[in-house]
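S.K.: The structure is given below, and queries will be raised subsequently.
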Amino acid sequence: MQTLLLWLFYISSFYAFIPGLITRIFGFRVFRRGSGEHEYALTFDDGPDAQYTPQLLDLLKRYNAKATFFVVGSHAEQNPELVKRMHDEGHLIGIHNYVHKSNWLMRPATVSKQIMKTDKIIHSITGERTSYYRPPWGIVNLFDLKKRGGKFKIVLWSAMFGDWRERIGADRLTERILNKLQPGEVLLLHDCGTTAGANPDAPQQMLIALERVLEEAERRGLKSIRIDEMIKAKENAPEKKLSHSKLAVVKLWLIWETIFHKLFRLKTVNPLDPLLHYRLRKYSGDTIELEDGTKLQKGDKVVELHFDNEKLFRFGIRSRSSVHLAIQMIRSMEKELPTLAHQLMEDPAASTSKALYGVTMVNRGPQQFGFQIVELKDGLFSRSTRLYLKFLLSVIHPSGQSRLKEHAQLLVPKMLLMPIADFFERYAENGSHRHHLEAKRSRRDSLETAEGNELSLSAASQGLESSTPAI
Ligand SMILES: [Zn+2]
């Protein structure tokens with residue numbers, strides 16, 4: 001008996017669980033997340049529901065948001081007018097089986113029948129066939145991957161919120177969704193609470209939360225789009241043009257970054273759109289005289305800056321040229337530094353440190369922001385940093401390796417420093433604006449001259465882009 005149970009477990013694992021895991025981890029033949037800068041996707045499962053779906057459609061219309069509905073076939077059959085309305089109002093309709101039952105519990109032929117039957121119902125109401133499928137509870141089996149990957153696109157999600165339970169309440173739900181409201185996210189919500197495990201009136205809470213989320217999305221300039229549009233945009237995204245091996249390297253490297261951030265407890269200046277991270281540490285190099293005359297000595301507290309490398313990677317692959325990249329970086333830094341100054345002022349440990357510190361490739365970029373550039377003493381640290389920065393640059397920069405060979409002599413890591421008092425004066429709200437304005441003007445001048453001199457600016461951009469984990 002035990003053996004039999006064990007075998008059943010193995011078979012069911014093989015049939016449903018393991019492919020599920022594979023799709024979740026590798027996104028294999030399954031769409032889970034898009035790209036883009038201003039678009040996210042609202043998706044609603046289990047409906048249509050006579051009570052809540054009309055309210056949801058009204059709400060979406062009010063905010064001009066487009067969504068994707070994964071309908072249960074039997075519910076669609078009972079509420080054809082709602083399916084018609086979804087279609088007429090520009091939403092995408094996908095399939096969520098004919099009855100809300102897990103594919104794990106059905107034979108492949110039964111799953112197939114469920115899907116075809118639902119497709120037929122949708123077609124009879126809207127006149128269009130659909131090719132988007134979301135299995136209940138996201139459970140995919142091997143058969144789904146093999147067969148449906150071709151005809152139907154399997155759509156999972158990047159975030160779900162437990163909105164099928166009424167007791168979560170609109171406030172907590174709002175907070176959870178806002179935490180995930182970012183470009184590229186595929187949000188899973190439910191407009192029907194009559195399926196197993198859900199509460200019939202849970203969608204009421206969802207609708208209250210959703211209204212607040214739509215309001216906030218509008219404020220942040222984010223727009224909900226249909227899944228088919230998100231898939232199309234992702235296929236045309238610049239990331240797609242990178243080779244698989246390079247993408248794999250980038251993925252591994254971003255995982256390493258995440259670990260590094262956790263390990264060293266890096267703080268993020270603007271968590272909604274990370275560009276800079278920092279941590280407090282003790283300075284360990286030789287004594288240096290800073291521009292304001294103070295001395296930086298071994299053991300002094302410094303704020304160490306790190307660029308967000310995922311952001312840099314995105315800048316890199318999206319920019320048309322080195323000049324474009326540099327302009328993007330400079331604009332983002334102009335916005336970010338005052339925020340950083342404000343944050344450090346409020347952090348007692350940081351505001352009493354001596355200087356801002358980072359490691360960067362040489363050049364004039366950071367100087368324009370008021371940083372002082374200091375040579376790193378040749379040694380193991382300097383050499384390993386150089387290797388790491390070169391690697392980063394080859395991954396981040398549009399023309400990668402070839403540029404490295406051309407300008408190898410420029411790529412020497414140096415220290416970047418600014419006395420903390422200086423930094424506050426330049427960038428904190430209450431500080432003197434004179435310096436800041438002056439700095440701004442000189443940066444603009446250098447941008448203009450650089451139009452005819454790409455090399456100097458790209459060198460500047462390199463300096464900006466390579467303040468990295470120096471370990
Ligand atoms: Zn469902």
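Rule-based calculations on the coordinates, nothing more; no lab input. These numbers come from a predicted model, not from an experiment. Positions of Cβ are backbone-derived with ideal geometry, glycine not excepted, and every protein chain shown enters the neighbour counts.
S.K.: Once you charge only the Cβ atoms, +1 for Lys and Arg and -1 for Asp and Glu, what is the size of the charge dipole of the range 74-113 about its Cα centre, to the nearest 20 debye?
M.R.: On the way: 5 positive and 4 negative charges, 61 e Å.
For the range 74-113, the charge dipole is close to 300 debye.
S.K.: Still on this structure, please answer the following. Per residue of the range 84-98, what does 6.51 cos²θ - 1.76 cosθ + 1.60 with θ = phi - 60° give for ³J(HN,Hα)? Whole Hz please, x for Gly and Pro, Karplus curve as stated.
M.R.: After applying 6.51 cos²θ - 1.76 cosθ + 1.60, I find 4, 5, 3, 4, 5, 8, x, 8, 9, 10, x, 9, 10, 6, 7 Hz.
S.K.: Once phi is turned into ³J(HN,Hα) by the Karplus curve 6.51 cos²θ - 1.76 cosθ + 1.60 with θ = phi - 60°, what whole-Hz value does each residue of the range 213-221 show in order, with x for glycine and proline?
M.R.: Whole-Hz 3J(HN,Hα) from phi for the range 213-221: 5, 5, 4, 5, 4, 4, 5, 8, x.
S.K.: May I ask you to order 38-45, 348-355 by the average number of other C-beta atoms within 10 Å around their residues, highest value first? Write down the numbers at each step before the final one.
M.R.: Numbers: 38-45: 24.5, 348-355: 16.1.
Highest mean packing first, the order is 38-45, 348-355.
S.K.: Would you mind putting 415-422, 176-183 in packing order, based on average other-beta-carbon counts within 10 Å, highest first?
M.R.: 415-422, 176-183
S.K.: Would you list, by chain and number, the aspartates and glutamates whose Cα falls below 14 Å from the Cα of K377, excluding same-chain residues fewer than 8 positions away?
M.R.: D286
S.K.: Quick one: I259, I125, fewest Cβ neighbours within 10 Å first, how do they rank? Walk me through the numbers before you get to the answer.
M.R.: On the way: I259 10, I125 19.
Going from least to most buried by this count: I259, I125.
S.K.: Rounded if a/c is under 1.5, else prolate if a/b beats b/c, else oblate: with a ≥ b ≥ c from the C-alpha gyration tensor eigenvalues square-rooted, which is the range 15-236?
M.R.: It is rounded, given that a/c, with a ≥ b ≥ c, falls under 1.5.
S.K.: Now, a different point. Can you pick out the pairs among K66/K262; K223/K267; K84/K117; K232/K262; K84/K151; K101/K232 whose Cα atoms lie more than 25 Å from each other?
M.R.: K66/K262; K223/K267; K232/K262; K101/K232
S.K.: So for each of 153-163, 295-305 I average, over its residues, the number of other beta carbons within 10 Å; can you give me the resulting order with the highest mean first?
M.R.: Result, highest mean first: 153-163, 295-305.
S.K.: Let me ask you something else. List the aspartates and glutamates whose alpha-carbon lies under 19 Å from that of K311, not counting same-chain residues fewer than 8 positions away?
M.R.: Cross-link targets: E37, E39, E185, E239, E257, D273, E334, E336, E465.
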